[in-house]
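Let me begin by presenting the structure, written as structure tokens, before commenting on it.
Quick note: the coordinates plus some simple rules give every number you see, no bench work behind them. Predicted model, so just to flag it, every value in this text is computed and none were measured. As a convention, Cβ positions derive from the backbone with ideal geometry for all residues, glycine included, and neighbour counts pool all protein chains shown.
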Amino acid sequence: MSAPVTVYGPAISPAVARVAACLLEKDVPFQLEPVDMSKGEHKSPSFLKLQPFGQVPAFKDHLTTVFESRAICRYICDQYSDRGNRTLLGREEDGAVGRAAIEQWIESEGQAFNPPSLAIAFQLTFAPLMGRATDMAVVEQNEAKLAKVLDVYEQRLGDSQYFAGDEFTLADLVHMPNTELLASKTKTAGLITERKNLSRWWDEVSVRPSWKKVVELQSVPRPPRS
Ligand SMILES: N[C@@H](CCC(=O)N[C@@H](CS)C(=O)NCC(=O)O)C(=O)O
């Protein structure tokens, strides 16, 4: 590979973790470039050239820059199609039907699962890290919204091993960062463990070497830049 792939942002960000998981599944070497969000580096003119909304992650390889974690993941799968896990976006022989089976769950993640699960994670994980109080009313409102989505997931994962069928795909991967945040907090772990099929799915996907590596990256505090 001619030049290193760079992902900008801290691994603790679920959107950065999503991209890191994809690169690890694809066996594409990358470097994580720190962005000090506490200093507002993600709103700096140079960062806005990479990510016009001033959010992490941003992505750069030898050909292009891409923003939006799910778009970055799709790009990685297409651009590095001959590396690592080659079926994250389905098998060629399954064509448009196979791709649609995956895309519909990627879309569900972004539209239905991410908003309430991220709102909860923000209150329970990120607000305390930022020295802000947790708003339990926000947690509870979003738990109710999320429960409805998880009931659909529970049914789906009773019918098939993974979201899009009997293979692990990007549809599963995109759900992992927020699921990790829910599963790691006593207050919200029951949302997963009380649903038998969802819980079985999480037990299977969370032990993948790629995800274990992401969790490791998240737990290593990065040295301050000089
Ligand atoms: N839809 C974007 C969302 C990215 C996002 O929400 N990033 C958060 C951290 S996880 C962020 O940069 N927040 C700072 C801000 O919005 O100012 C993606 O998936 O890449």
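In the stretch 38-84, Cα pairs under 8 Å separated by at least six residues give a relative contact order of 21 percent. The Cα center of the stretch 78-109 and the Cα center of the stretch 181-210 differ in position by 23 Å. Per the Debye formula on identical point scatterers at the alpha carbon atoms of the stretch 51-202, with no solvent, log10 I(q)/I(0) at q = 0.10, 0.11, 0.13, 0.19 Å⁻¹ is -0.41, -0.49, -0.68, -1.22. Selection among 131, 197, 31 by position relative to the dipole of the chain gives 131 as farthest towards the positive end (Cβ unit charges, Cα centre).
In this entry, the stretch 1-96 is assigned a mean projected area of 6.4 nm², taken as a quarter of its C-alpha convex hull surface. For residue 23, neighbours were defined as the other residues whose beta-carbon sits under 15 Å from its Cβ, and their charges (Lys and Arg +1, Asp and Glu -1) total +3.
Of all aspartates and glutamates in the structure, those lying under 13 Å Cα to Cα from residue 212, and not within fewer than 8 positions of it along the same chain, are 25, 180, 203, 204. Residue 161: net charge of surrounding residues, Cβ under 11 Å, Lys/Arg +1, Asp/Glu -1, itself excluded? Once all neighbours under 11 Å are counted, the net charge is -3.
Based on C-alpha pairs under 8 angstrom that are at least 6 apart in sequence, the chain has a relative contact order of 20 percent.
Per residue, the chain reaches -15500 deg cm²/dmol at 222 nm when only DSSP H runs of four or more residues are counted, each adding -39500 (n - 2.57).
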